[in-house]
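Beneath this line is the structure, given in structure tokens, with notes to follow.
The values are calculated or read from the model by the stated rules, or taken from the named source; none is laboratory data. Note that the structure is predicted; figures quoted are calculated from it, not measured. Positions of Cβ are generated from backbone atoms using ideal geometry, with glycine treated the same way; all protein chains shown enter the neighbour counts.
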Amino acid sequence: MARRFARHERRSVTDLDGVWDFAFLGDADPDDVSAATIAFEDAMAVPGSFDATPAYAGKRGLAAYRTRVRVAEAGRHRLVFDAVHHWCRVLWNGEPIGEHAGGFTSFRADVEAAEGFAEVVVLVDNRFNERSPLHLEHFDWYHFGGITRSVELHRLNDLWIERLRITTEDLEARRINVVIDYQGPEQKVPLTIECGGRTWEEAVDLDASGRIERTLELPGAALWSPSDPALHLVEVRLGEDDMCERVGLRQVTVEGGRVAVNGEPLTLWGVNRHESHPNFGHAQPPALLVSDVQQIRDLGCNFVRGSHYPQDPLFLDLCDEAGICVWSESIGWQYPVDLLTDPDFVDAQLEHVDEMVEAAANHPSVVLWGVLNECPSYKPAARPAYERLLGRIRELDPTRPVTYATLNVFEDVCLDLADVISVNCYPGWYIGGIEAIPAELDRIAAHVDEAGHADKPLIISEIGAGAVPGWRDQHHGMWTEEYQAELLETVIGHLAGQDRISGLGIWVLGDFRTTEAKHMLLTRPRGVNDKGILDEYRRPKRAYGAVRRLFAG
Ligand code: ADA
């Protein structure tokens with residue numbers, strides 16, 4: 001699995017990435033499909049988005065992927081999927097062993113496997129239907145389908161580590177808290193934790209709690225910060241199993257209207273980022289992730305918002321290394337209030353939020369959690385959904401501030417629920433001209449303060465303009481590269497000269513394909529959201545250079 005460190009040395013793990021057998025089954029109902037009768041006549045890359053490939057471009061329906069795995073020793077095995085879009089059912093030798101809804105998050109399917117070869121079939125559905133309630137067609141991005149992130153097969157013995165959660169408990173003392181969640185029978189087993197050249201060894205009595213918690217001190221260990229992002233491997237061995245995580249010692253707080261890392265207040269200068277590419281869809285090859293991070297650094301950003309869903313784990317690894325602060329966001333885009341008041345929908349969101357936090361909590365680069373992009377936080381009926389989701393994140397992780405991007409800050413009724421106020425706004429684009437931008441940003445700041453949130457950080461989480469790549473003219477009109485560059489210059493120039501707004505997420509790093517819904521296509525030339533400062537192949541537009549010059553200054 002494409003990560004920057006090996007998560008297991010002892011546990012036997014088979015990497016299943018590669019090319020799998022493939023069949024597109026169109027409008028078939030997954031309940032009517034038996035793996036044995038599928039004619040696998042094609043091949044598909046895993047990770048990959050089948051509907052970004054020429055033969056299946058734009059197709060929606062049920063697809064089937066198949067591979068063969070070798071089981072060296074009979075016993076419990078676990079398939080780990082890092083993301084499948086949007087709904088899937090996993091079959092092991094024809095028998096269903098798991099289902100999952102929602103792309104962008106990891107899930108597992110366990111099986112008692114016999115020795116020998118086994119056939120793994122994954123039925124993947126990229127249609128918009130009740131099986132995947134979180135993905136809706138009206139969103140302003142193209143929902144690609146497929147097995148879009150890595151797949152692994154793990155051999156599990158009767159005792160295994162489920163997860164490690166490592167938090168910085170005391171910065172000065174270099175004290176970390178290590179929580180080891182495991183599954184297995186009550187027994188006495190050796191526990192070893194290694195970090196920073198030190199080793200802690202003991203024999204532990206496993207009990208029904210399934211949890212071991214230890215506090216360790218790492219005297220002299222370097223801290224993680226955006227300017228000096230030191231990382232440490234924490235390697236845990238429990239009985240015959242092991243797991244490794246890479247962490248940074250750091251604390252995130254909210255101080256004097258700013259997000260602070262280790263007590264140092266930051267101004268967040270950055271971009272929003274979609275995981276979308278014309279050739280790969282939602283799958284993000286390592287080469288693309290590396291180049292995205294290079295360009296984010298080259299721009300002089302210290303911040304990226306993962307809009308509007310959890311980003312690839314390798315991207316987070318690279319941000320950890322580069323010292324780029326990440327806003328990790330759960331999936332959402334202008335859900336209507338009837339969904340936010342539907343208990344089943346909120347439950348599906350809660351499950352997704354749990355998966356996001358589990359996957360990203362150990363990344364020091366993640367400094368902020370976000371939910372529900374541009375949902376009706378201005379309607380009282382939506383407030384309980386915000387309360388529940390933000391509350392759940394605080395419960396799961398009290399160490400980071402929480403936020404959501406509001407679409408209408410002037411009428412918002414949920415601002416008190418957030419630690420950081422985040423405002424999406426498009427002065428100069430959807431409303432008014434470029435000259436109106438400074439006054440509009442000041443009006444937003446004044447409103448937030450008057451509404452009683454003067455002590456909270458205020459981020460402009462989206463602002464930008466469309467520019468059709470290569471489109472230039474002497475009028476510098478809308479859709480030209482000149483207009484986009486001038487708009488962003490005005491924004492950055494104004495924010496640099498004031499103190500109240502302490503973060504900027506330019507909309508957006510790269511162009512990306514939008515939904516096939518007509519209302520959106522009519523406002524998106526080329527069927528693409530053109531507000532990238534790079535085009536969809538990551539070629540810089542004029543605005544890239546403008547932003548780079550200003551961020552450097
Ligand atoms: C919104 C939304 C973005 C994008 C943007 C735009 O703010 O959050 O996802 O759709 O508008 O380009 O209009």
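Data table
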quantity: Some residue of the stretch 471-481 being crowded, with 20+ Cβ neighbours inside 10 Å and either aliphatic (A, V, I, L, M) or within 12 Å of the ligand (Cβ to nearest atom) (or both); calculated: no
quantity: Hits in the stretch 515-534 (condition: within 16 Å of residue 52 (Cβ to Cβ) and surrounded by fewer than 21 Cβ atoms within 10 Å (Cβ to Cβ)); calculated: 516, 526, 527
quantity: Residue in the stretch 125-137 that is more than 17 Å from the chain's Cα centre (by Cα) and within 16 Å of the ligand (Cβ to nearest atom) present; calculated: yes
quantity: Residue within the stretch 433-454 that is at pLDDT 95 or above, within 16 Å of the ligand (Cβ to nearest atom) and not in a helix (DSSP H, G or I) present; calculated: no
quantity: Matching option when the condition is crowded, with 23+ Cβ neighbours inside 10 Å, acidic (Asp, Glu) and within 21 Å of the chain's Cα centre (by Cα), among 275, 245; calculated: 275
quantity: Inter-residue pairs, beta-carbon under 6 Å, first farther than 15 Å from residue 68 by Cα and in the stretch 21-44, second buried (at least 17 other Cβ atoms within 10 Å of the Cβ) and β-branched (Val, Ile, Thr), 6+ apart; calculated: 23/38
quantity: Single residue of the stretch 518-553 satisfying the filter (hydroxyl-bearing (Ser, Thr, Tyr) and under 25 Å from the mean Cα position of the chain (by Cα)) that is nearest to the ligand (Cβ to nearest atom); calculated: 544
quantity: Which listed residue, of 37, 105, 53, is touching an Asp or Glu at 6+ places or on another chain (Cβ under 6 Å) and hydroxyl-bearing (Ser, Thr, Tyr); calculated: 105
quantity: Single residue of the stretch 403-417 satisfying the filter (more than 14 Å from residue 385 (Cβ to Cβ) and assigned to a helix (DSSP H, G or I)) that is nearest to the ligand (Cβ to nearest atom); calculated: 409
quantity: Some residue of the stretch 250-271 being assigned to a loop (DSSP other than H, G, I, E, B) and under 30 Å from residue 191 (Cα atoms); calculated: yes
quantity: Pair list, Cβ under 9 Å, 6 or more apart: the stretch 397-413 residue modelled with pLDDT under 95, other residue in a helix (DSSP H, G or I) and crowded, with 23+ Cβ neighbours inside 10 Å; calculated: none
quantity: Any chance residue 60 is modelled with pLDDT of 95 or more and in contact with a Leu (Cβ under 9 Å, 6 or more places away or on another chain); calculated: no
quantity: Filter pass, residue 427 being more than 16 Å from the ligand (Cβ to nearest atom) and either over 20 Å from residue 403 (Cα atoms) or crowded, with 21+ Cβ neighbours inside 10 Å (or both); calculated: no
quantity: Top-ranked residue of the stretch 278-307 - restricted to ones that are away from the ligand (no atom under 16 Å from the Cβ), of a type in the set (Gly, Ala, Ser) and not in a loop (DSSP other than H, G, I, E, B), ranked as surrounded by the most Cβ atoms within 10 Å (Cβ to Cβ); calculated: 281
quantity: Selection from the stretch 177-213 of residues that are part of a loop (DSSP other than H, G, I, E, B) and in contact with a Gly (Cβ under 7 Å, 6 or more places away or on another chain); calculated: 206
quantity: Flag if residue 144 is out of contact with any helix residue (DSSP H, G or I) (no Cβ under 6 Å at 6 or more places or on another chain) and either buried (at least 18 other Cβ atoms within 10 Å of the Cβ) or assigned by TED's automatic domain parsing to the domain that holds residue 176 (or both); calculated: no
quantity: Of all residues in the stretch 315-325 being touching an Asp or Glu at 6+ places or on another chain (Cβ under 9 Å) and assigned to a helix (DSSP H, G or I), the one that is farthest from the ligand (Cβ to nearest atom); calculated: 318
quantity: Any hit, the stretch 349-362, residues being surrounded by 18 or more Cβ atoms within 10 Å (Cβ to Cβ), assigned to a loop (DSSP other than H, G, I, E, B), among the aliphatic types (A, V, I, L, M) and away from the ligand (no atom under 16 Å from the Cβ); calculated: yes
quantity: Complete set of residues in the stretch 390-399 that are surrounded by 21 or more Cβ atoms within 10 Å (Cβ to Cβ) and either within 16 Å of the chain's Cα centre (by Cα) or more than 22 Å from residue 376 (Cβ to Cβ) (or both); calculated: 393
quantity: Subset of the stretch 318-337 (residues that are within 12 Å of the chain's Cα centre (by Cα), farther than 14 Å from residue 273 by Cβ and not polar (S, T, N, Q)); calculated: 331, 332
quantity: Residue among 263, 220, 281, 239 that alone is on the phi > 0 side of the Ramachandran plot, out of contact with any Leu (no Cβ under 7 Å at 6 or more places or on another chain), not β-branched (Val, Ile, Thr) and not assigned by TED's automatic domain parsing to the domain that holds residue 365; calculated: 220
quantity: Number of the exception - residue 460 against (1) over 22 Å from the mean Cα position of the chain (by Cα); (2) within 16 Å of the ligand (Cβ to nearest atom); (3) within 18 Å of residue 254 (Cβ to Cβ); (4) of a type in the set (Val, Ile, Thr); calculated: (1)
quantity: Flag if residue 400 is under 20 Å from residue 461 (Cβ atoms), more than 16 Å from the ligand (Cβ to nearest atom) and in the same structural domain as residue 298 (by TED's automatic domain parsing); calculated: yes
